[in-house]
Structure formats: structure tokens, C-alpha cells
1. Tally up the residues in the stretch A:82-96 that are surrounded by fewer than 24 Cβ atoms within 10 Å (Cβ to Cβ) and hydrophobic (A, V, I, L, M, F, W, C), please.
2. Here are A:Arg690, A:Arg659, A:Arg694, A:Arg704: which of them is more than 21 Å from A:Pro410 (Cα to Cα) and of a type outside the set (Asp, Glu)?
3. Can you say whether A:Asn970 is more than 26 Å from B:His215 (Cβ to Cβ), touching a residue at least 60 places away in the same chain (Cβ under 8 Å) and crowded, with 16+ Cβ neighbours inside 10 Å, as far as the supplied structure shows?
4. Is it the case that some residue within the stretch A:116-129 is out of contact with any Cys (no Cβ under 9 Å at 6 or more places or on another chain), at negative phi and surrounded by fewer than 23 Cβ atoms within 10 Å (Cβ to Cβ)?
5. With A:Glu854, A:Glu756, A:Glu819, A:Glu762 as the choices, which residue is in a helix (DSSP H, G or I) and either closer than 22 Å to A:Val998 by Cα or at pLDDT below 95 (or both)?
6. I'm checking my understanding of the structure. Among residues of the stretch A:829-860 that are hydrophobic (A, V, I, L, M, F, W, C), within 14 Å of another protein chain (Cβ to nearest Cβ) and surrounded by fewer than 23 Cβ atoms within 10 Å (Cβ to Cβ), which one is farthest from A:Ser283 (Cα to Cα)?
7. Here is a check on your reading of the model: is A:Ile951 buried (at least 20 other Cβ atoms within 10 Å of the Cβ), of a type in the set (Val, Ile, Thr), more than 9 Å from chain B (Cβ to nearest Cβ) and within 18 Å of A:Val976 (Cβ to Cβ)?
8. Among the candidates A:Arg893, A:Arg876, A:Arg919, single out the residue that is surrounded by fewer than 21 Cβ atoms within 10 Å (Cβ to Cβ) and away from chain B (no Cβ under 13 Å).
Amino acid sequence: MAGERTRQAQQRNRRNGSRFPGTASPPAGSSGEHEELAVGRRGFLKAAGFGLMLAGCRQAPLEKAIPFLIPPEEIVPGRSLYYASTCTACPAACGLLAKTRDGRPIKLEGNPAHPLSRGALCALGQASILGLYDKWRPRNPRHQGQDTSWEQIDAQIMERLEGLRRGGGALRLLTGTLNSPALEAVVKRFLAGFPDARRISYDPVSRSAILDAHLQTHGKRVLPRYRFDRAEVILSFDADFLGTWISPVEHTAGYREARSPDVETPRRCYHVQVESRLSLTGSKADRRIVAAPHEHGPLAVQLAAALADLAGESFPGEVQRNEGLAQRVEPLARMLWRARRRSLVVSGSPDPAFQTACNYLNELLGNYGRTLELGPASRQREGDDGALAGLLEELGRGEVGALLVWGVDPVFELPLEGRWETLLEQVPLMISLDDRLTETCGLADYFCPDHHYLESWGDREPVEGVLSLLQPCIEPLGRTRPLIESLSAWMGDSRPAYELLREHWRSALFPRQRQETSFDAFWDRALHDGVAQIEPESRSFSEARFEPRMFGDGSREVSPAEGEFSLVLYPKVGILDGRHADNPWLQELPDPISKATWGNYACLAPLAAEAIGVREGDLIRLGAVAGQGPELELPVLVQPGQHERVVAVALGYGGKATRRFAGIGPRWLEAGETVGNDGRVGVNSAPFIRLQARHLVYSGVPVRLSPTGERRQLARTQLYDAITVPASLALPGGERRPAVKEVTWEELFDPHLPVEPGTHSEHGSSQDLWPDDHPYTGRRWAMTIDLDACTGCSACVIACQVENNIPVVGRDEVRRQREMHWLRIDRYYWGQGENLRVAHQPMPCQHCQNAPCETVCPVLATVHSAEGLNQQVYNRCVGTRYCANNCPYKVRRFNWFDYAHEDELENLVLNPDVTVRSRGVMEKCSFCVQRIQEAKIEAKRRGVELRDGEIQSACQQTCPASAIVFGNINDAGSRVAQLAQSARHYRVLEELNVKPAVAYLKLVSRPDPQEEGHG
Amino acid sequence: MKSSIATYTLLVALVFSLLALGQRARGFRLPGDQQGYEPVQPIAFSHRLHAGDLEIDCHYCHSGAERSRHAGIPATGTCMNCHRFVTASWGAVREENRRAQREERPPRRLLSPEIAKLYGHLGLDPNGEMGPGSQASPLSWIRIHSLPDFAYFDHRAHSVAGLGCPTCHGPVETMERVRQQESLSMGWCVNCHRQTRTGIQGAPVEASLDCSTCHY
């Protein structure tokens, strides 16, 4: 209520100062009607002027204060409540705490008690809250496209299912990864009621090959749990484990742990990435090996053979001796061998033969049970491409009597030359159970919409024995029903999800735990913590065995002929398979590497672009070599660090759901469209996915590129890529800009090579223009960002957007460099070819002590606080934009328009503690001052001291790598004060002497451990 | 001659309009200034009776003041803590009791018209029972103390610092109908923040003058 009021009032306020559109008028003031005279222009102006004066005397409109009738016990208006739940935006199932205000979730935070995600969330998880308030989300069950009621739809479906039970064909339930124990139990019961029923699952970005390879080599179809935290050498073949692969948040936390220089015994894990395009993971690698997709297989096989030699075993597969390759892998093999039991080989390949080679490598190196575990194993992906191929065959033969679909959208994700559409139309009974309108839903007879996950009870088991609980944080907004209830309702069991869940936990899971003696205590604890640990089901594995046939014939990938390119389809951070492509925050999130927003593009290496004579923004046609097959038209993006014979295109774009973005962004004379000519954002590249030998194949298709001669400018947020100054402009010695600094591991730990701690720069001056009359005797807020830890995953950008009510501006405005993100991540390149290095530098407002913005503001709308904050006062700002022009870090954002807040439902996600800015106002990072104020006042109320770490900015809270530290630098014991003493500590543009409160920790370069003869 | 009549007429008109303007200027206020605002509320709730005569603590109803940013309007159910039993004025109840004794019948349960509105909103019949088909409906009070949305005021900080409610709300216990006592303008806030630097009731306080104390 109170928050509600704030919101409504905010809207009113935003529509510009129209504080006086009188709905009713309390005392004072009177009407100016008698001024109305039939007069000319001058008279009218006089009357208008007088009328305005009178308007000034009137009072604000009537405001209501509506209290609860009977207050819920725990709700105090104005105070936030946190509920532990689980993110289901992808199957990684990270733990979260949903911050609710007056009964509605407004922000998701990571759950620190969760053993996998350890208090962090990714960009997707942060953004998933917007899906709850999506006005396009289905509200009612539908039959043949018409809204209907659950009673009617249940009666009809049950009747048709009854027919099936009596022998009317097979029933198939097609799902994505479904790692929910309670739901699985209900699904099992449901399917058991039919003579021929089965569940088939697939993942749009398939990891099936890993499981299939383990079925061959270890006798169990299982996905290992990868322990990057235990690794000392990581070799990754195209697995983007920090960005999109299996469980990025968990992997990032582990990766950081293995590479942390700041702990008592510093750990230097060495990371080698073999890839054909520049991925997020590749950007952090110590060594990148750029290889086209068809070269990965032979490389892995050669490596396996070399390692087998070192181990004194004979490699079971076929090896074609290749001296060049052998020489290349030799040092790698030695490095891995030295780090055996502490190394890890991973691969993103969808080819089981390739994964078998990886298993062989890990087995040879003794990594099983150490850096990758088969028990307890991961359950974060379970998709089975073979079963999917089987289903397609069954559908083709017309054997399927009923198909139920949940959690996947095959028509969009895997068009397979339109096969799904024709096949699904022939299925007698098709029921879609998704929580959104997918393209597959359009073909379904019945649509039984699921809740959004923030409305549901449920559970997840991301790793065997780790249970993560979901609880509803809001009343369902529509007449939707969770899958678990739908299935039980069709079995004649009308219990709600809560009871079904508890029942399963009581009977099946409670006996497997040891901490609590009563079920209620166990349940309450799990509900409070969000997670519970139980004894994992015992699984037995056979001894690893490898046979020559498992390794295939080297590689299935074909090398592209002269003049052709090898197509690589990749999932992009934030968009993945396109399931959340309807989320405007994620569409406007700059890709961590290319910094492009709103749509996909064809990435080409600089040399390749030169060869076919295209530059960024040129539209090219991308077609299969055979002439038959899909064809795409995409703008070019020139991507350093990519293989010359590869063209890389992101998946997940061009769905029907993106049609909603027509008209997003401010409408003005020169406004450009966000959507393309077909009304969609980007182009769907999925038609190039093939089902080959019962496996989904995403890359390696040879394609031909032909320029169309047209252009479509990309909306990129960063147009300066290199950290080096061009040779023609550089002064001697000034070729490299010092914004990103680097230190080698040796320098860091060699006592003979002292790196000056703290703040020193080449050009720094101790002369100060300003008197030293601001002593900052109390608290002083500061932030340190560890560039070595930062992976560029962009979770912080979205977290900041949610926390601070940052609007979405649309493609055209981003193209004009008018995006509103308070926190941007600068990405810089240096080096060439395989030695290309990448740095990600998060750049919030630097809160300078001698802030250049403050001295130029004519109305004192930006001033310094006694605690060192650079404050921006919206109600004082008149929008001269002098401050933005004078900011050396370019972190200020101007409201060129009143950005859209017309969607009443979407507005429910607005943070009531942060003003919604109106047009003509400057804004920027505030160090989450609303959190600082809240924590300070709360500490005062409790009569306790504010502890270090109690205030976490939104970006810091969600960071999977814990790269951001915020605190009071005047408190010598605080982490931020300790980090200020680090040898890696420096400030950006220090020579300007603006004294930023944000400091960075230098990147650490880790030379090849071989070269220095360790081991 | 004609022109002098016109001049006099104009002069008189000018004097009258100046007088009229003067009248108006006294009532002039800045936009958003609602000092003295005293709207009629949907239920004629008397703070004089509850906070003054009965000396009910402010925090009994406005319980958020110490725990939250908002002091809060009490939930309608909170009123029922007392008004389940107190249904009419003491005088009326006594009169009814006397009359019942005289007529040798059990006294009727009285419900004053204002309390009847309360029962109505909660969907209760005069006996305090949920009748069949009765519908509860929220009670919309008219908000008096309202700050602009770019200003964040926190009750907690002020009540913890030892400021009593009357500092900002005035002698509410004397008001039959609540009136906004102070202007609640920024100048008024800041003046107080400046003055209390020396302490509140002898206790040192730290009233910040930073913009971001209230604006973010």
C-alpha cells in the first residue's frame, strides 16, 4: 500500500510535473472561471497568466492512504521481506533470495547459503523477475486459441486421455531438463497410467554428448559435476563455462577460487582455451589456441595419444600421425601430465566421440573423483538427443497419440527444415504446458499455462543430494496452474502443488537426511535456507573402459573448401537458446565481447572481412553451400580473435516473441525501429542446426557468404576496442593507454621486484587545485573492482538496472550512444592473433573526490556528500549536461526522453526506494545510496555499529566472481581498506588527479607454468 | 471630462483589485505546500479522543514509526482490537443499560454510526459476526502528510534520534480532525537538521545535511 502509493505517485510525477491535474480540490485556491472573457489574443494571454498564478495557489490532488483490512503478520509497509527460492531461468538452479515489498517481488539476490551459486546470480537470473510482470504472459487456459476454464479443459483432456488409456496410441511428454524430484515423481505416476507413455527431454543447446560419452565409458548416462575450484590446469575445447556452459555461476565462483592471488596460499590455475571464436571464457584464458571446429577433434586425439605416451599406455583410438599437430600438443600434454589429478579437460562439443576423448584424457590424468565427480553428479542437463531423434521417427510414423510439451519450444529452437511443424500438426492430441506463449503452443490443441517460477512451489536438484526449494513470492497474477497440479489433476488428484511437494519430500527425501528428527523441522529449515542436503542416491559406475569404436573416426566436422566458411552457432550470454529473448533488459544488455545489443550478427575475423570486402554493419547473405537449405541475412561484426575461416552467429534471436519490441523506445521525429523488416529482433539461426547421427550439431556447416550491398548499423555500446593508441597518434612511450594495468604473477610474488603499492602513476601530480578542507572524518565509501576476477559476465549490469529503475531505450537510442545503464563494462583488446588479450573493466561512477562534474554544474545538482559520495539530485537538475561533458569517465546518463513507464504491470517491478527519473534529468551510479541509507538507519535503530560487508551494492551482491568490494575505506579493518594496500591497486586516469573512490586491482598475467620450470 | 471619469473609474478599479490581490497574497503558498490541510475523512475519527483523552500511545496504531520508513495507517483490523467491545459512547451505553433495566430486558448492543462504517468495511454485522454474503472492502483514508516522490523520509531515523511525533505533526492529541501543522517543505526540514546539530534533549545527534540523505 504505501509502496503502491509511491509507485502511483511516481508515475504521476513523471508525467512531468503535472502535479495539479486536479481530481478533487482540497481547500485554498479558487477557480478562475470569471476570467473567461470573449477577448482576443492579448486578453487570452492575460487570462492564461492569471490562471497560471491561481494554479500555483491550488493544492496537490487528493491522495488516498489505504491500509490493510487485516494485516498479514509479517508485513510492515515499507520494509522488505526476503524469501529463499530457486532460479529456474536455466536448469543450473542457482539459489536466490527474492526481495518482496508489500507482497510483490522487486529484486532477486543470490542466496549465500546455496552451496553451488554461493550468493551470486547471472544476468539471466537477475532479469528473470521481469518475466513475472510480463503482460504478454498467458493468463488463462486455452482450447483451440480460445480462453476457457480449467474445469472445462480438464474434463475434455481427461476424456481424451481416457481414450488413450484404452489403447489409442502412445503418449509422449516432451520436456527440457527437468531436475525436480517432486515433479519427476508425479510425472512417473502419470506416465505409468498409460500403456505406452514416456518422457523425452532435450536441451535446446544440447549437452547430450557428455552424458552419452559417459554411458559408453562409465556405463551410466551421467553429467559429471565439474570442480573448477580444484583445478590447477584447465583445458577447454570450446566450452564457454564462464558464460553459457552448464552452470556458469557455479563455474565462475570455482574458477575464481582456483585463480585467486589474494588468499593466504595464492593459487594460480593455468587455463588453456581452444576455440574458433572469441568467447567470454576465452577472454579470460591464459592461453588461447584458435582453431576451426574441424581442427578440434584431431587436436584432442593427438593430445590423447601424446598423454598416453607419457603415461606409458597405448591409445585405444586411431591416430593419424601429424607431426605439426604433435609438436603443438606436446607442451600441452606435458603441462597436463605434471598437473595430473589437479587438471581438468572439458569440451563443449556435441559429438560423443570427442567427449569420449575428453573422458579418456581425464581418466588418464586421474581427474575423476577430483576435478570432476560422477557421484554426486550434476543434474543440470539431462537432454537426450537420441531420444529426440527417436521421437521424430515415431511422429513420422504417426504412432504418437498424444504429445505433451513443457519447457521447450522445438518449432523455434530446432526447426529442422520445418519438420516439427508438419509432424506436430498430425498429432491427434497436443497439449502445451509452458509458462509463456511459445511458437510450439500455436500448434497445440490445448494450452495449459504454468505459473511463473516466482509464483510456484517446487524443488530442484541441481547436483545429486543438493535440494533447492522454490516458494511462491506473490499470488499468481493469472489463472495459471503449475505443471505438477495439471498432471495430478488429470490423474484425478486435485491436491495443490504445495501438498504434492511436501508429500514427496516427506516420503522420499526426508528419510535420506540426517540433520533433523522431525519432518516439519526439516521442511522449515529447508524453506528458510532455500536448500537442504540429503544423502545422494547411491550410483554405481563401472570401471572406465575405452574401445577404439568409441572415438569415432577422428572428427565428423568437414573442413570448409576454399572460399567457404565454417558456420559456428553459439549461445550468447543473456539470450542463450532464446527462451528469454522476450525480456527487454536482456536484449539491451551489451554482449560481453562484441558490446552489441538488440539482435544478432555474423562475426567475422578481421582478415576474413577484408577478404570478402565487408566492414561492420554491411549486410551479408549466409547460405548453405549446397544451395538448398536455409539462408540468413545478417549484418557483419568484425571480431578480433576469431578464426579466419569461421563465421559465428548467435542462437536465440528472431523469435515471434520479439515482435513485441516494435515500438519500444521513445517515439520522436527521427526515431528508428528496434525490430527488423520482418518485425522481429535479429534472425533465427536455428535452421542451421542439424540432427546428424542422432545428435544435434551446431557448428561446422560450410557456408558461403555474399555481401548484399545493403547496410544495417549495429547498436554497439562501445566503439573503441583497442587499449593501444594508434601508431600515428601515439607519443613515444604512450602507445598503450594505462586504463587497464597488468602485472605478471612473478612480479606479484617476487620480493625482489617491488611493485609500488597503492596509488602511483607515471603522470600523477601531488599538486592539488582544491584546498584540503574536506577531511572525511566519518565514513567514506569506496569500491574496489578486481579486473583479474571480473569475467565480464554482465550480471552486475542487469542487477543495477533492476535495483535502480533504469529504463530500456531501444535499439535506435543505443545506436546513438544513449543507453542508460549506470554500470557499463568496457572491454579492451591488445595483442594479435592467438596472443590477443582481453580485459573487462566495469565502469560505474567513480565518485571522484575532486569531481569534475561538480565544478561545472550551474545549479549545484551534483555535489559531494560528507561520506564521499558524488550525489546527483534529480529535483534540482535542469539538464544542462555540462557534468556529462566534463566527466572523464563518461559515466553520466541523460534522460533525453520520458522513457516508457506506461505498462502498469511492468511498473510493479520498480524499486520504491529509488526515484523514477523524468525527462531532462541527469543520472548515474549512486553507489546504491538507498541501500547505504537503509543499512545506516537500521543499524541506528538496533543500536549497533554498521559492520563491514553489511552494505552490498547491487552489482557486488550478484557478482559470481566476487570481483567487487564496497565499504568504508576510513575503517582500517574493512576489506576495501585492506585491498587499497594491495600491490595490484590502481586508479583509472590517475594523472587527472580527480581522486576517484573507485579503484581497480590489476590484471594478473600467468605465464605458461612450463616456461619457468616448476613442477 | 469624459477622460477624467474614466481615470477615476480606473483608479478605483485599481484600488479594489490591489485589495483583492492583497487578500489573495496572504493565502499564497508554494506548489505542494499543504500546511493547514484538514480534509474530511471517511470516518470521523477523533485524535483528540483517542490520543488526547484516552492517552493511547501513537505507536499503538502507527506501529511502523519505529520499525519502518512509513509510520503507516493502522490496518482496519487494529481498530477492532478495541472496537469489538467499544461500540458506542459511554453515555449512550449507560443510557441503554438504564433503559433496559427499567424495561426489564437485556441491554441491546449499540453501534455508533461512525463505528458502524468500520464494521461495514470489515464486512461484519452489528454483532461483530461475519454475515453470509457480507463483503469486506478497503477503507480509503485521505492522506494528509505527503512528501514529493523524490524525497525519502524515514520515520525510524527520527524516532530513534529521540524526536517526538509532535515535532513534525503538531499537537495531534488536541485535533478533532487531523490537520497538517507544519509546511513539510525542504527549508523546514533543513532548518531543523541544522539546529539539531547541537543535540536533541541533550543527546548528541548527527543530522546529516547531505542531499542524498533524502534524495536518491
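1. Adding up the residues that qualify gives 1.
2. Numbers: A:Arg690 fails: more than 21 Å from A:Pro410 (Cα to Cα); A:Arg659 fails: more than 21 Å from A:Pro410 (Cα to Cα); A:Arg694 fails: more than 21 Å from A:Pro410 (Cα to Cα).
After applying the criteria, what remains is A:Arg704.
3. Values: more than 26 Å from B:His215 (Cβ to Cβ): no; touching a residue at least 60 places away in the same chain (Cβ under 8 Å): yes; crowded, with 16+ Cβ neighbours inside 10 Å: yes.
For A:Asn970, the condition - more than 26 Å from B:His215 (Cβ to Cβ), touching a residue at least 60 places away in the same chain (Cβ under 8 Å) and crowded, with 16+ Cβ neighbours inside 10 Å - is not met.
4. No, there is no match, as no residue in the stretch A:116-129 is out of contact with any Cys (no Cβ under 9 Å at 6 or more places or on another chain), at negative phi and surrounded by fewer than 23 Cβ atoms within 10 Å (Cβ to Cβ).
5. Values: A:Glu756 fails: in a helix (DSSP H, G or I); A:Glu819 fails: in a helix (DSSP H, G or I); A:Glu762 fails: in a helix (DSSP H, G or I).
Result: A:Glu854 is the single residue among A:Glu854, A:Glu756, A:Glu819, A:Glu762 that is in a helix (DSSP H, G or I) and either closer than 22 Å to A:Val998 by Cα or at pLDDT below 95 (or both).
6. A:Val859
7. Details: buried (at least 20 other Cβ atoms within 10 Å of the Cβ): yes; of a type in the set (Val, Ile, Thr): yes; more than 9 Å from chain B (Cβ to nearest Cβ): yes; within 18 Å of A:Val976 (Cβ to Cβ): yes.
The answer is yes for A:Ile951.
8. Values: A:Arg893 fails: surrounded by fewer than 21 Cβ atoms within 10 Å (Cβ to Cβ); A:Arg876 fails: away from chain B (no Cβ under 13 Å).
Criteria check complete, one pass: A:Arg919.
The values are calculated or read from the model by the stated rules, or taken from the named source; none is laboratory data. Since we're looking at a predicted model, the values are computed, not measured. Note: ideal-geometry Cβ built from the backbone for every residue, glycine included; neighbour counts use all protein chains shown.
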